[in-house]
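I have placed the structure first, in the form of structure tokens, so that the comments after it can refer back to it.
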Amino acid sequence: MRKLIKHLFKKHRPENRGAPIETIQKKADTLGEDASFAKISVTEPPKVKKRGGKLKWVLPMLFLVVVVLSGAVVVWGVLPVKATYKQAQILVVSVKELTQTLKNQDLEGAKAKLPEVRKKVKNVRTSWENAFLIKNMPYLSVYYLDGLHALNAAEYGLDSLDIAISTIEPYSDLLGLKGKSTFVSGSADDRIQLAVKTLDKVTPKISEIGTKIEKLKIEIDAIDPSRYPEALNGQPIRARLVEGKNLLHETAGLFLDAQPLLEVLPQLLGEPKQKRYLVLFQNDKELRPTGGFITAYAIFKIEHGKISVEKSDDIYELDDQIKVKKQAWDEILTFHKGVYYSYTRDSNLSPDFKVSVEDYFEKVYPNKFDFDGVIAVDTHVLVESIKILGTFVVKGRTFSAETDKRCNCPKVIYELEDYSTRPVAYVREDRKDVLGELLKQIMTKALGVSPSQYWGKLFQMGIAEINQKHVLAYMVDENSQKGIESLNMGSRIADGSKILGYKDSQNWDYLHINDANMAGAKSNLFVENYVKQEYQSSADGSIVKTITIDYKNPAPPSDCNLESGGLCLNGLLRNWVRIYVPKGSTLIESKGSQSPKDDSAQNLKVYESLGKTVFEGFLTVRPLGSAQLILKYKLPFKKDGKFMFLMQKQSGTVGHEYTILVNGKQKEKFALTTDKVIELPL
């Protein structure tokens, strides 16, 4: 049997390959084996596939499939993406040109540019919709949808811009813009009144714009930047997406929040009924919690858009109307010197303007509150206005924005201080009436000429001053107040998670430093402020923060001797300071705070106010001197990768320097000119 098997296996030898089965059977018979085995042996052996048979079709077919798939990827993936990128680059150029026309205040040019931008957005959409492969693949489809969301948002943005331009264009001359104004005949007052009377036609358009912007906001919210890489080819990707998304989100939120104000704008401008506003002038060179010492006031009437001054005087005249004097606030008695009664000039003690106004009219103002709102401006607004309108002469004095070497400050500031505060050998009535006269001249010049000459620049300046918190407002009407606050004009102490349209979150850090000059001449004209914030995170996730505030006065002291008649601008600064941080923060240690009664050291006082934890202290800064306040505290939340941080600027301050360090490494350094939100990693 072994021999038969051996022989049969020989069929696989070269000489036996292809031999008929009968031949194999004969060979088996000659070996003498039994018939039963022979029957078994004649079974057809498995055929061996010849090389080059069916296998020769596999590689060509595989190659064909690869070619087809590659072609599909190119046709439905690569080419549409490349075409989209090319069209997007063209679109970016047009958008920049449109933006520039808007910056140039050229409504007519922007209106002409809009159809071109729309067409290029459509071209991008056409190219992107051809990317069928990206659209239908599970992993890539989310990026395809992001592209559609961005295009939808762009179209809603263009729609809202188109409506806005068409709505504003009839008033372009009054706003100092380039466009086809329909209010070009008559005096400036006549044109203003006619425009205000027609504002009721604008209100429906505001609602229409709001609807478009709400849809834009929804599209932007649908894009998730975390899906994208941090960088590509050395260029930041995710950070730019976050920045762009936040910018659009904030802008959209700003309009939606301001919508109530815009809708009641005709009423605020005295249409159909007259409005009365109390205007307070705050001297930020003598810094107080809402922006400065209240030095003068005016009562404005607005009827059909026409502004008139009912009365203006220094603040002491208003305080003289208080016949029954009340004891001064506890803060005044504690930190001020020689003041024992409540006065209008000392009433702005809360950093929250609304709280200060309501507190004042409830406790101090002797008459019934018969104003529709209260507006406060500081010297920064005065200087910026004079830069645009030019030089003024009042009571023989020249007021300009040029730098006066006697104080290294604008000449208008020096002249106002020299006239109103320098001791004289005679009784000078209405020692601050020069300010009221100057304000009248400024208004007359601004309103009494062709709007196209000054109004565009004044309008832009006003927006900047509001953003930097040099103009504050409080309105009695609830909707008007809501709009005021949305423009950051209310100077409110804010909840970080609810400001600028951000979603609610527990992990928000917050900081507001509020200084008050309690009898230190006008030394805030010279004192420089530097704030350093250091974060240290522990293994258990807790965050300890150290804030170092440096106050430096590099200027020499003024002659503050009343008998010599010197102008006392720079003297000893008695500074009441409050640091507002997240509610629940725990003070660990502090250094640098003094007793307001003497120079002895005193720990910071800790309490809760306006939804925040407050660290309160006091310090003095001498001319050519400095002071430092250090506080270390634990935040009420633990680290979770990153967190949002809201810093609120004090009204009336100009560009205090802020530095932020995380675990010893510097992350940010900037001048705080407006409220600022940043994202910090830990």
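The values are calculated or read from the model by the stated rules, or taken from the named source; none is laboratory data. Note that the structure is predicted; figures quoted are calculated from it, not measured. Using ideal geometry, Cβ is built from the backbone for each residue, glycine included, and neighbour counts are taken over all protein chains shown.
Going by the conditions given, is Leu268 outside the structural domain of Ala150 (by TED's automatic domain parsing) and either of a type outside the set (Ser, Thr, Tyr) or crowded, with 18+ Cβ neighbours inside 10 Å (or both)? Talk me through it step by step, then tell me what you get.
Working: outside the structural domain of Ala150 (by TED's automatic domain parsing): yes; either of a type outside the set (Ser, Thr, Tyr) or crowded, with 18+ Cβ neighbours inside 10 Å (or both): yes.
Yes: the conditions hold for Leu268.
Could you grab the pairs with beta carbons closer than 7 Å, sequence gap of 6+ or different chains, first residue in segment 84-103 and free of Cβ contacts under 8 Å to residues at least 12 places away in the same chain, second one surrounded by 12 or more Cβ atoms within 10 Å (Cβ to Cβ)?
Cβ pairs passing all conditions: Leu102/Ala110.
Which one of Glu219, Glu214, Glu263, Glu243 is modelled with pLDDT under 85, within 28 Å of Ile678 (Cβ to Cβ) and of a type in the set (Asp, Glu)?
Numbers: Glu219 fails: modelled with pLDDT under 85; Glu214 fails: modelled with pLDDT under 85; Glu263 fails: within 28 Å of Ile678 (Cβ to Cβ).
That would be Glu243, the only listed residue that is modelled with pLDDT under 85, within 28 Å of Ile678 (Cβ to Cβ) and of a type in the set (Asp, Glu).
Which one is modelled with the lowest pLDDT among residues in segment 286-313 that are surrounded by fewer than 22 Cβ atoms within 10 Å (Cβ to Cβ), touching a helix residue (DSSP H, G or I) at 6+ places or on another chain (Cβ under 9 Å) and acidic (Asp, Glu)?
Per the stated criteria, the residue is Asp313.
Quick one: which of Leu265, Leu318 is within 30 Å of Thr203 (Cα to Cα) and not β-branched (Val, Ile, Thr)? Give the derivation first.
Values: Leu318 fails: within 30 Å of Thr203 (Cα to Cα).
The conditions single out Leu265.
Inside segment 123-162, can you point out the residues that are under 14 Å from Ala83 (Cα atoms) and loosely packed, with under 14 Cβ neighbours inside 10 Å?
Across segment 123-162, the qualifying residue is only Thr126.
Here are some conditions: (1) buried (at least 18 other Cβ atoms within 10 Å of the Cβ); (2) under 18 Å from Gln89 (Cα atoms); (3) under 30 Å from the mean Cα position of the chain (by Cα). Ala110 meets all but one. Which one does it not meet?
Among (1) buried (at least 18 other Cβ atoms within 10 Å of the Cβ); (2) under 18 Å from Gln89 (Cα atoms); (3) under 30 Å from the mean Cα position of the chain (by Cα), the lone unmet condition for Ala110 is (2).
Among the residues of segment 533-590 satisfying the criterion of being touching a residue at least 60 places away in the same chain (Cβ under 8 Å), assigned to a loop (DSSP other than H, G, I, E, B) and closer than 30 Å to Phe637 by Cα, which is farthest from the chain's Cα centre (by Cα)?
Per the stated criteria, the residue is Asp540.
Sort out which residues of segment 134-176 are of a type in the set (Asp, Glu) and in a helix (DSSP H, G or I), and write them in order of number. Lay out the reasoning, then the answer.
Here is the first cut: in segment 134-176, the ones of a type in the set (Asp, Glu) are 146, 155, 159, 162, 169, 173.
Passing the criteria: Asp146, Glu155, Asp159, Asp162, Glu169.
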